[in-house]
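Student: Dropping the structure in here first, questions after.
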Amino acid sequence: MVDIMRSSIPALVAVLLAVLLMAPMAGAVSSPRAYPQLPAAHEAAPYPGPLNLAARDLGVAGNHDGYYSFQAFRYVPPNETPTVIWIGKNVVFNHTGLPYNATVYIPPGNYSLILLNMSIRELGGTQYDTVAYVFANGTPLLWGSTQEILNSTTTVDVTLFENLLRGPVRFQFMVPNGYAPSIGITGYYVANVSLLLYKGSPPPGLPNYFIPLFVNKLGYSMTPSINAYNDYVEQQVTIPNGTYRAWLILYTKGNAYDEFWYTNIPAVRYVKVYYNGHLAGVVNPFETIYTGGIDLFWWKPVPSINTLSFHMPDIVDLTPLLAYGLNATLAIHIADLLASSEALGVPGTEFNWNLGGVLLLWVNSSNPLVGAKVITGQASYHDSGPLIMNQGVAGLYFQEGASYFINYTSLLEFEHGQEVVSSQQEGVATVDQAYNYAGTFAYNYLDEDFTVSSWAQGYGPYRLWVSANWPVTLYYDFVAIPITPPTRFPYNATFLQNGSIALAPTYALSYAWPGYNFTESLNYDLSAVGGFAGILEFINPTGAVIIGLTSNNALTQKSLTAEVLVNGRGFEENAYLEGFQNSTVNTAGYLIANQFSYQLINGGLQ
């Protein structure tokens with residue numbers, strides 16, 4: 001079975017056309033050339049960029065023991081048998097977008113580590129990749145997606161939410177999917193979700209109050225679609241008096257023409273967070289590639305980074321901004337959506353995002369806040385927009401840059417004691433892009449580099465540090481020749497694509513307060529190269545089904561060095577995975593390297 005690929009070719013062409021038409025107005029002299037043309041409104045056409053692909057049942061040869069797809073980052077828990085709490089067993093998601101609901105009782109006890117596992121099987125035929133989410137009392141705990149074929153498993157550490165996971169808890173998890181027999185999409189997903197509780201001394205000082213954000217009518221955190229025409233969403237939040245620390249964790253997902261947002265023009269998609277009108281933080285979206293993305297064979301069997309579940313939260317520390325009031329308007333704005341829509345000539349609803357998030361609060365209601373003062377408050381944001389650096393015979397070369405600097409320091413006065421708290425965030429995004437005039441070749445480079453540094457002295461001392469660098473480099477070229485009339489979807493086309501991608505994200509997280517010190521670092525290196533040819537059935541501008549495969553080759557290499565420490569004890573992991581494709585029959589590919597090694601540090605987690 002093969003997948004569905006995502007494409008972004010027509011949109012890029014539209015951007016080039018818009019920019020080129022502006023060039024003579026700036027005094028440029030250009031010789032006549034055949035500019036790429038957008039399809040007329042009545043014509044169907046693929047998006048000139050990465051596609052979302054799935055494949056009809058072309059044959060899956062071979063036998064895979066255990067799980068077909070899995071994450072490189074694995075936890076080394078304490079050396080004991082955990083208490084397993086099942087949230088759902090063999091839950092079927094067949095042509096539904098609704099969550100599974102279960103109220104589960106979590107027994108009292110002392111737990112030093114809590115892990116959440118989600119394992120998914122795909123059955124019944126071809127299916128697209130899809131999101132996979134788990135919520136507890138509306139709060140997102142796992143933000144991930146599926147492998148399109150066979151099965152996958154992923155685990156996240158939810159110890160930070162230990163005070164949420166007590167007694168009866170309302171869980172919801174979802175693996176939404178569609179059913180379209182006319183184009184061969186008949187598959188469904190079966191999911192198992194469980195908690196693993198490891199007994200030990202519970203971490204002191206964890207957050208004890210949780211506010212899920214943008215809760216929808218089904219009861220879980222998820223914004224309505226944020227798009228180019230409505231790129232701003234807000235919520236009124238009442239912070240309990242006695243709150244002495246407040247962190248925001250926000251999860252992001254771009255959709256449709258913005259699934260591969262770093263291939264669009266402009267390519268910056270900073271998610272700006274406002275607290276009572278003040279720019280409080282910026283969330284850097286990670287370049288997640290789902291298992292049907294760009295070249296679906298790159299990700300079989302080895303998925304990309306943060307695909308099955310997200311492990312690199314970008315934390316916004318709101319504690320200094322409590323001085324602006326406990327009755328807050330929390331607002332989110334996503335950068336440059338309308339600019340991309342207008343540049344590409346595509347309706348703004350096609351550039352849409354979903355966000356989920358939670359406020360983590362540390363509250364002592366017996367010690368209310370009685371006064372507060374902002375000592376310093378500074379926030380700046382700059383975005384150059386796409387700049388034409390070279391207009392040559394072969395095509396165009398663009399650059400773009402964006403940056404931000406945010407610093408707040410406040411004095412919070414409580415009935416019993418006071419604290420001085422400070423938070424500084426800064427980040428830089430660098431973009432390089434190149435396209436040919438035919439819209440059949442693209443080079444895209446995006447690098448997001450950012451840090452968060454916070455501290456508090458006095459009552460409720462702590463420190464927080466986040467440092468990350470998320471570069472992605474993508475080359476691809478393709479040719480699509482319609483073989484049935486491309487006047488409406490679906491239509492068939494012969495298709496040839498080759499390309500490569502490299503991601504090398506680094507991430508470090510550290511937070512500490514009296515009695516507790518947590519550090520985590522993840523350093524990845526991933527490359528994928530190859531291409532395929534065959535017949536595609538385009539079902540919309542960004543999605544297609546492979547209905548015939550004539551060639552297929554791919555090599556994916558993924559390495560990880562990770563370290564997790566709790567109060568100086570933990571583990572180091574080194575992992576190397578390599579996937580290989582060379583067949584039009586066994587499109588599940590081969591896992592030719594599966595290497596994991598671990599070193600316990602000071603005896604490991606306890």
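Student: Quick query: amide H of Asp129 versus all other amide H atoms, modeled in the peptide plane; which residues come in under 5 Å with a sequence gap of 5 or more or a different chain?
Tutor: It is Ile4, Gly292, by chain and number.
Student: Restricting to DSSP loop positions (anything but H, G, I, E, B) with no more than 15 other Cβ atoms inside 10 Å of their own Cβ, which chymotrypsin sites (Phe, Trp or Tyr not before Pro) remain in region 160-217?
Tutor: Tyr179
Student: Also: Which ³J(HN,Hα) values in Hz, rounded to whole numbers, follow from the phi angles of region 453-470 under the Karplus curve 6.51 cos²θ - 1.76 cosθ + 1.60, where θ = phi - 60° and Gly and Pro get x?
Tutor: Karplus-based 3J(HN,Hα) across region 453-470 equals 9, 9, 7, 9, 10, x, 5, x, x, 6, 9, 9, 9, 10, 9, 8, 9, 10 Hz.
Student: Which far-off residues, 5 or more places away or on another chain, put their amide H under 5 Å from the one on Leu318, with H placed in the peptide plane?
Tutor: For Leu318, whose amide H was placed from the backbone, the distant partners under 5 Å are Ala246, Trp247, Leu248.
Student: What nm distance separates the two modelled labels at Met389 and Asn94, each placed 7 Å from Cα along Cα→Cβ?
Tutor: With each label placed 7 Å out from Cα toward Cβ, I get 5.3 nm.
Student: Taking amide H positions as placed in the peptide plane 1.01 Å from N, state which residues far from Leu206 in sequence (5 or more) or on other chains have amide H under 5 Å from it.
Tutor: Result for Leu206 returns nothing.
Student: Quick one: which of 562-570, 200-208 comes out on top by average Cβ neighbours within 10 Å, and what's the full order, highest first?
Tutor: In descending order of packing, they fall as 562-570, 200-208.
Student: Express as a percent, rounded to the nearest 5, the fraction of DSSP beta bridges in the chain (both residues included) that run antiparallel. Before the final figure, lay out the partial values.
Tutor: Numbers: 250 of 257 bridges.
Here the share of antiparallel DSSP bridges comes out near 95 percent.
Student: Rounded to whole Å, give me the distance from the Cα center of region 315-360 to that of region 530-595.
Tutor: 32 Å
Student: Ok, one more. From the phi angles alone, apply the Karplus equation (6.51, -1.76, 1.60; θ = phi - 60°) to region 255-272 and give each ³J(HN,Hα) in whole Hz, x where the residue is Gly or Pro.
Tutor: Result, rounded to whole Hz: 10, 6, 5, 10, 4, 10, 4, 6, 9, 8, 10, x, 10, 7, 9, 4, 9, 8.
Student: With runs of 4+ DSSP H residues as the only contributors, calculate the mean residue ellipticity of the chain at 222 nm using -39,500 (n - 2.57) per run, divided by the residue total and rounded to the nearest 500.
Tutor: That comes out to -1000 deg cm²/dmol.
Student: Ser182 to Asn407: FRET efficiency via 1/(1 + (r/R0)^6), r the Cβ-Cβ distance, R0 60 Å, to the nearest 0.05?
Tutor: 0.60
Student: Let me ask another. Which value, in debye to the nearest 20, gives the size of the charge dipole of the chain about its Cα centre, when Lys and Arg are +1 and Asp and Glu are -1 at the Cβ?
Tutor: The dipole magnitude comes to about 960 debye.
Student: Could you tell me which label, among (i) 31.3; (ii) 39.0; (iii) 26.5, carries the value of mean projected area of the Cα convex hull in nm² calculated for this structure?
Tutor: Recomputing mean projected area of the Cα convex hull in nm² here picks out (iii).
Student: Using +1 at the C-beta of Lys and Arg and -1 at the C-beta of Asp and Glu, which of Gly242, Tyr397, Thr550 has the Cα lying farthest in the positive direction of the dipole of the chain?
Tutor: Gly242
Student: Determine the relative contact order of the chain: mean sequence separation of Cα pairs under 8 Å and six or more apart, normalised by residue count, in whole percent.
Tutor: The normalised contact order for the chain reaches 16 percent.
Student: Could you work out how much longer the chain between Trp86 and Val374 gets when fully extended? Use 0.36 nm per residue separation minus the Cα distance between them, nm to one decimal. Show your work: numbers first, answer last.
Tutor: Details: separation 288, 0.36 × 288 = 103.68 nm, distance 4.63 nm.
Stretched fully, the Trp86-Val374 segment lengthens by 99.1 nm.
Student: With every protein chain present, what is the per residue accessible area of the chain (1.4 Å probe, Å²)?
Tutor: Working: 21330 Å² over 606 residues.
For the chain, the per-residue accessible area is 35 Å².
Student: Magnitude of the Cβ-charge dipole of region 244-379, K/R +1 and D/E -1, about the Cα centre, nearest 20 debye?
Tutor: The calculated dipole for region 244-379 is roughly 500 debye.
Student: So for the pair Leu123, Glu415, with labels modelled 7 Å out along Cα→Cβ, what separation do we get in nm?
Tutor: Inter-label distance under the simple model: 5.7 nm.
Student: What does the extension gain come out to for Tyr590 and Gln235, with contour length at 0.36 nm per residue minus their alpha carbon separation?
Tutor: Extra length available between Tyr590 and Gln235 comes to 123.1 nm.
Student: For the chain, with all protein chains present and a 1.4 Å probe, just round the carbon and sulfur fraction of the accessible area to a whole percent.
Tutor: 54 percent
Student: Any idea how far apart Ser551 and Thr103 come out in nm if each label point goes 7 Å out from Cα toward Cβ?
Tutor: Between Ser551 and Thr103, the label points sit 6.0 nm apart.
Student: Follow-up. Would you kindly derive the ³J(HN,Hα) couplings of region 434-442 from the backbone phi angles with the Karplus curve 6.51 cos²θ - 1.76 cosθ + 1.60 (θ = phi - 60°), listing them in order in whole Hz, with x for Gly and Pro?
Tutor: 9, 9, 8, 5, 6, x, 10, 9, 8
Student: Using Cα-Cα distances under 8 Å and only pairs 6 or more residues apart, what relative contact order does region 65-202 have, in percent?
Tutor: For region 65-202, the relative contact order is 44 percent.
Student: Looking at region 65-202 only, what percent of DSSP beta bridges run antiparallel? Nearest 5 please. List each step's numbers first, then the result.
Tutor: Working: 46 of 49 bridges.
Around 95 percent of the beta bridges assigned by DSSP in region 65-202 are antiparallel ones.
Student: Does anyone have the angle between helix 9-22 and the longest principal axis of the chain? Alpha-carbon axes, 0 to 90°, nearest 10?
Tutor: Result, in degrees: 80.
Student: Continuing with the same structure: So for each of 468-480, 144-156 I average, over its residues, the number of other beta carbons within 10 Å; can you give me the resulting order with the highest mean first?
Tutor: For the peptides 468-480, 144-156, the packing ranking is 144-156, 468-480.
Student: Going 7 Å from the Cα of His278 toward and past its Cβ, which residues in region 326-359 have a backbone nitrogen under 20 Å from where you end up?
Tutor: From region 326-359, the list is 326-333, 359.
Student: Further question on the same structure: Return, ordered by residue number, the residues of region 183-217 whose backbone nitrogen is under 12 Å from a label point located 7 Å along Cα→Cβ of Asn110.
Tutor: Taking a point 7 Å out along Cα→Cβ of Asn110, the residues of region 183-217 whose backbone N falls under 12 Å are 199-204.
The values are calculated or read from the model by the stated rules, or taken from the named source; none is laboratory data. In this text, all values refer to a predicted model and were calculated from it rather than measured experimentally. Counting neighbours? That spans all protein chains shown, and the Cβs are built from the backbone with ideal geometry, glycine included. Heavy atoms of the whole protein, side chains included, go into the accessibility calculation; ligands, DNA and RNA do not. Shrake-Rupley method; radii C 1.70, N 1.55, O 1.52, S 1.80 Å.
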